[in-house]
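Reading through the structure tokens given below for one structure.
The values are calculated or read from the model by the stated rules, or taken from the named source; none is laboratory data. Quick caveat, the model's predicted, so the values are computed rather than measured. Backbone-built Cβ (ideal geometry, glycine too); neighbour counts: all protein chains shown.
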Amino acid sequence: MGIAHRKQRKQQIGVSKQQDNLYLVWLDEFNKVQSICLNTQQKDIFSQLLPHLPQKTNQCCFIGAISPHLTWSKTLILPQTLNAQECEQQCRFILQKELPIPLDELWFDYLTTPLKQGFRLDITAIRQESAKAELAKYLPLKLTALDLLNHSILRAFYAILGQEPINTLFLYQDQQGCLAVCERLQQRQVLQSQGDLSELYQQFIQRFPETIEQIYVYQTPDILNSDTIELLSQDWLRIETDFPFIALGNALWQTDLKLVDLSSKTTALLPSTNRESGDVKP
């Protein structure tokens, strides 16, 4: 029974897009991370992808990510644990109460976290038109799910670190901007900026003054190889990986991170020192 079920399971593939490049990441049958970069200008990207996958494309589910600035979110701390039906009822009640938008124009999801005393419910909602516009960017790939970008970033950091620390600030930067995220027991703190990482850090600690025990930073290779790279604090630890970071986080959606094997490509944890152009492979 177990083997038959495994054969029927869909291949989950994390997707991210940068200009004409489409990055895809998945776990193989041994939970090793695999990846490929395809050019979206070519007519049939499926023919490029199929030889690399253990299953047919119609058995795949593609996972993308959406920027949190396009969504509405709220965290509730409740005195008792809720089942799935009660969570959905609570979400609908909160959305109807706090948003001036009909429920049938929204897509929403939730995350649950058991606490020592109580229960944490994280609610996220997005206008259907915003979600559909994001889905259209990936055509002809049809995404199965859109997760929040900050969730994907955290999963990628956690998988590379091999742990899921709280009270730790994670900073991410690509050509579209910067994002800071910190997981606390009571909430997930998120802040975005179009500025640089140092500016975002200052904004973050002003908005969320709680203690930060450690800071990790990831910058995409094109940022690291640019002529205008900023100097970062020596106390920040830089994470590097050959895998496309967002696609990696998307691929790990609803996955037990303890099982993930990143050994097929290089990952590194380095002090945040200044770099010169050309140090990082594209």
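Please identify the pairs in which a residue from the stretch 225-254 that is among the β-branched types (V, I, T) has its Cβ atom under 6 Å from the Cβ atom of a residue that is modelled with pLDDT of 90 or more, counting only partners at least 6 apart or on another chain.
I239/I160; I239/Y216; I239/Y218; T241/I160; I246/S16; I246/A65; I246/S152
For residues that are part of a loop (DSSP other than H, G, I, E, B) and surrounded by 15 or more Cβ atoms within 10 Å (Cβ to Cβ), scanning just the stretch 105-145, find the one that is modelled with the lowest pLDDT.
At the first step, the residues of the stretch 105-145 found to be part of a loop (DSSP other than H, G, I, E, B) are 116-117, 137-142.
From the residues that got through so far, the ones that are surrounded by 15 or more Cβ atoms within 10 Å (Cβ to Cβ) too are 138, 141.
Numbers: Y138: 87, L141: 82.
Checking each candidate, the answer is L141.
Do we find a residue being assigned to a helix (DSSP H, G or I) and either without any contact (Cβ under 8 Å) to a residue 12 or more places away in the chain or farther than 28 Å from V181 by Cα (or both) anywhere in the stretch 60-82? Please lay out each step first, then the result.
So in the stretch 60-82, the residues assigned to a helix (DSSP H, G or I) come out as 68-70.
Remaining after also requiring either without any contact (Cβ under 8 Å) to a residue 12 or more places away in the chain or farther than 28 Å from V181 by Cα (or both): none.
Checked against the condition, which is being assigned to a helix (DSSP H, G or I) and either without any contact (Cβ under 8 Å) to a residue 12 or more places away in the chain or farther than 28 Å from V181 by Cα (or both), the stretch 60-82 yields no hits at all.
When you go through K97, K137, K74 one by one, which is the residue that is basic (K, R), farther than 23 Å from V15 by Cα and touching a strand residue (DSSP E or B) at 6+ places or on another chain (Cβ under 7 Å)? Give the derivation first.
On the way: K97 fails: touching a strand residue (DSSP E or B) at 6+ places or on another chain (Cβ under 7 Å); K137 fails: farther than 23 Å from V15 by Cα.
Checking each option against the conditions leaves just K74.
One line per residue, one yes/no per condition, for (1) modelled with pLDDT of 80 or more; (2) of a type in the set (D, E):
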residue: M1; (1), (2): no, no
residue: R9; (1), (2): no, no
residue: V15; (1), (2): yes, no
residue: D20; (1), (2): yes, yes
residue: N31; (1), (2): yes, no
residue: Q55; (1), (2): no, no
residue: Q59; (1), (2): no, no
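Filter the stretch 155-170 for residues that are at negative phi and outside any helix (DSSP H, G or I); which is nearest to the chain's Cα centre (by Cα)?
Of the stretch 155-170, the ones at negative phi are 155-161, 163-166, 168-170.
Filter again for outside any helix (DSSP H, G or I), leaving 163-166, 168-170.
Working: Q163: 16, E164: 14, P165: 16, I166: 17, T168: 16, L169: 15, F170: 12 Å.
Applying the filter and picking the extreme gives F170.
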